[in-house]
Amino acid sequence: MPEERKHYRPSWDEYFMAIAKIVAARGTCDRLYAGAVLVKNNRIISTGYNGAVPGLEHCDNVGHLLEEGHCVRTIHGEHNALLQVAIQGGTSTIGSTMYSKYNPCIHCSKYVIACGVKRVVISKVYRNSKAVDYLREAGVQVDIYKENPEWNDEINKIFSEDVPARVNQGEVKMEEVK
């Protein structure tokens, strides 16, 4: 019988930052795989990653479109998360929290402020720390996420362990999905 292990329940910040990092994996611009999760009342209202405008080619397929050293083919993850709320409708970004793998650039910071996001949690400051100052100057709370080794270990276990299937208290064999 497999050894049972203690469950680690993550904080909200740990939970949503892990999701932001997974969302980043969908990115299509290899210059930076960034992801963002927009949350309101501890509920995800949208996600976004660096990717081309819907219907147009991705950097990974056709290369970068550079202006002054920046790729402008993609929409940044933070901007995509905000746009997704506009497209889906039914909720507001006012008073929300954004979790982002990296700090928003100065342009995304403007959109975050204009959309009424009250808090931004970032995993790492990337390139321009002035964008972080800009957010704070506008009254947005900016928190730098601190990695928790215990939570990181738990995530590794979650993604590597085999999950037993149980039906009516009886064991059943898992079949490989093809």
Report the relative contact order of the chain, percent, no decimals, based on alpha-carbon pairs under 8 angstrom and at least 6 residues apart.
17
Just in segment 88-130: which trypsin sites (Lys or Arg not before Pro) are loop by DSSP and have at most 13 other Cβ atoms within 10 Å?
ARG127
Give me the one-decimal nm value for the distance between modelled label points at LYS6 and LEU65, 7 Å along each residue's Cα-to-Cβ direction.
5.2
In debye, nearest 20, what is the charge dipole magnitude of the chain about its Cα centre with +1 on Lys and Arg Cβ and -1 on Asp and Glu Cβ, if you could check?
560
When the convex hull of its Cα atoms is projected in every direction, mean area for the chain (nm²)
13.8
Ignoring ligands, DNA and RNA, what accessible area per residue does segment 65-114 give at 1.4 Å, in Å²?
50
For CYS71 the rounded accessible area (nearest 10 Å², probe 1.4 Å, non-protein molecules ignored) is 20
Net lengthening on full extension, ASP30/ASN148 (0.36 nm per residue, minus Cα-Cα)
39.8 nm
Grab the beta carbon distance between LEU56 and ILE22, set R0 = 22 Å, and tell me the FRET efficiency rounded to 0.05.
0.35
Excluding residues fewer than 8 places away in the same chain, name every one of the lysines whose C-alpha is closer than 26 Å to that of LYS146.
LYS6, LYS21, LYS40, LYS101, LYS110, LYS118, LYS124, LYS130, LYS157
Disulfide-incompatible cysteines by the Cβ rule (no partner under 4.7 Å) in the chain
CYS71, CYS105, CYS108, CYS115
Name the residue from THR91, ILE122, CYS59 whose Cα lies farthest towards the positive end of the charge dipole of segment 12-150, charges +1 on Cβ of Lys and Arg and -1 on Cβ of Asp and Glu.
THR91
Within the chain, which DSSP H helices have Cα atoms that stretch 15 Å or more along the helix axis and a mean Kyte-Doolittle hydropathy of at least 0.5?
12-24
Taking all protein chains in place and a 1.4 Å probe, what share, in percent, of the accessible surface of segment 12-150 do carbon and sulfur account for?
52
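The values are calculated or read from the model by the stated rules, or taken from the named source; none is laboratory data. Predicted model, so just to flag it, every value in this text is computed and none were measured. Cβ atoms come from the backbone with ideal geometry, glycine included; neighbour counts cover every protein chain shown. Side chains are part of the model used for accessible areas, which takes the heavy atoms of the whole protein and leaves out ligands, DNA and RNA. Shrake-Rupley method; radii C 1.70, N 1.55, O 1.52, S 1.80 Å.
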